[in-house]
1. If you check Asp21, Asp102, which single one turns out to be farther than 22 Å from Met120 by Cβ, charged (D, E, K, R), in a helix (DSSP H, G or I) and at pLDDT 95 or above?
2. Against the condition within 23 Å of Ser335 (Cβ to Cβ) and in contact (Cβ under 8 Å) with a residue 60 or more places away in the chain, how does Trp311 come out, does it pass?
3. Going through Lys123, Lys158, Lys119 one at a time, which residue ends up being assigned by TED's automatic domain parsing to the domain that holds Tyr43, among the basic types (Lys, Arg) and over 13 Å from Ala90 (Cβ atoms)?
4. Quick test of your reading of the structure: Asp292 fulfils all but one of (1) without any contact (Cβ under 8 Å) to a residue 12 or more places away in the chain; (2) surrounded by 14 or more Cβ atoms within 10 Å (Cβ to Cβ); (3) charged (D, E, K, R). Name the failing condition by number.
5. Determine which single condition Leu308 fails, assuming it passes every other condition in (1) in contact with a helix residue (DSSP H, G or I) (Cβ under 7 Å, 6 or more places away or on another chain); (2) not in a helix (DSSP H, G or I).
6. I need the helices (runs of 4 or more DSSP H) fully contained in segment 106-197, keeping only those with at least 2 residues that are out of contact with any Ser or Thr (no Cβ under 6 Å at 6 or more places or on another chain), over 25 Å from Arg61 (Cβ atoms) and in contact (Cβ under 8 Å) with a residue 60 or more places away in the chain.
7. Hey, which of the helices (runs of 4 or more DSSP H) in segment 219-304, taking only ones fully inside, have at least 1 residues that are at pLDDT 95 or above, under 18 Å from Lys358 (Cβ atoms) and touching a Gly at 6+ places or on another chain (Cβ under 8 Å)?
8. Ile391 - would you say it is touching a residue at least 24 places away in the same chain (Cβ under 8 Å) and within 14 Å of the chain's Cα centre (by Cα)?
Amino acid sequence: MLQHIHASSVLDASTSKPIFDGTFGANCPPCKEFGQTVLKKLYSADGIADAVDFQMHSAIRSAGDPSIDQAWACPDEEPGCPMTKWFICAVDGWNQTTTTQDQQVNFLICWDDSMGTLKMRTKKCAKVAGLNMVKIEECQRSTQGEALQVAAADAFEKRFPTHAHSGIFNVPHIFIGGKEVDLNDMNYNSVLKSLCETGIEARACKAVAGMTASQAKPVFDGTFGANCPPCKEFGQTVLKKLYAADGIADAVDFQMHSAIRSAGDPSTDHAWACPDEDTGCPMTKWFICAIDGWNQTTTTQDQQVNFLTCWDDSTGTLEDRTAACAKAVGLDMASITACQSGAKGEALQVAAAEAFEKRFPTHAHSGMFEVPHLFINGAEVGINSRDYDSIMKALCATGIKADACSQYRVC
């Protein structure tokens, strides 16, 4: 039988420091994202590393009793958990007498950012954290590594009996001072605030005084064409599903814009061009009249987003499409028609073109429109990241509280 190594207790009663207690998977995407963003920033925040006791654990289990069933399973790993074996050998099973807190946390942060073979990643991060690679390799290929896996699985079984042998691993799993941290609060500001509320003295806590529950919502910023095929596909598939996802509409500020321009100064050159539209942009004129130029005081976010997703699904004449979608979202068709046939519609086109010119000066007058064009909290969303899952992950990573984020925050 393998040597059994007893895991250290979850809480050390002799310490006066508050405990940050975290369980992570060595290859779990939400765990890696937490390490790369929250933990990295948190541990380097002024005074936090000295004021807090960081106690870490590995997510590893088997279907039966870990002392006899060693067919290991870990989140997003191959059977046997080869990544976790290298990892726990590096930190000696999170042993706080043989490895320091700095070494453990810095190895974890480095690991979450690393690439290459498992040996290469371990060697690189061992160097960063000041750990002995020779000893790590000896552990990995010997019974010591197997014993550390047993100990880690024993600890996981005791800590999380409801999912000790099957189901999702529910990691990252965080406790602060023994209190479980909600999935929606696993962002830097919320974790820092919770630590500071324990009464620690750390300069980083001075910033917490300015934090409020009503902090600005993250901004989903999108520019679209009224007849652009990729824009319509995005609206029909991604945006429609995204806005309907549980809690997203309430947690996110959706700010939209129209793709319209002229060859010259839009204040004087009104020969409008829009992607995949006739000259003069008749579709865009109906559209921006409907949502009043994306005016957030005269039309609601629900009306704007739902009109857009309805429009992308609609067929028929422009007037028929506008009428159907206006009715669906509660907009006044008489006002829209008056706008479209009058000076207001022309003024809204000018305003939209001026906004497009300022936002995208490199293609404000010629070339591709490059829409849909998305930003989340000011960070541009790449062409290959405009799918539902990628956008949900980016929005959830801002720390919003939305039930739809649950599946993106645990393995």
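The values are calculated or read from the model by the stated rules, or taken from the named source; none is laboratory data. All values derive from a computational prediction rather than experimental measurement. So basically every Cβ, Gly included, is an ideal-geometry build from the backbone, and we count neighbours across all protein chains shown.
1. Going through Asp21, Asp102 in turn, the sole match is Asp102.
2. Judged against the criteria, Trp311 is a match.
3. None of the others qualify; the one that does is Lys158.
4. For Asp292, the failing item is (1).
5. It fails just one condition, (2).
6. Filter on segment 106-197 gives 188-196.
7. Passing ranges, in order: 282-290.
8. Judged against the criteria, Ile391 is a match.
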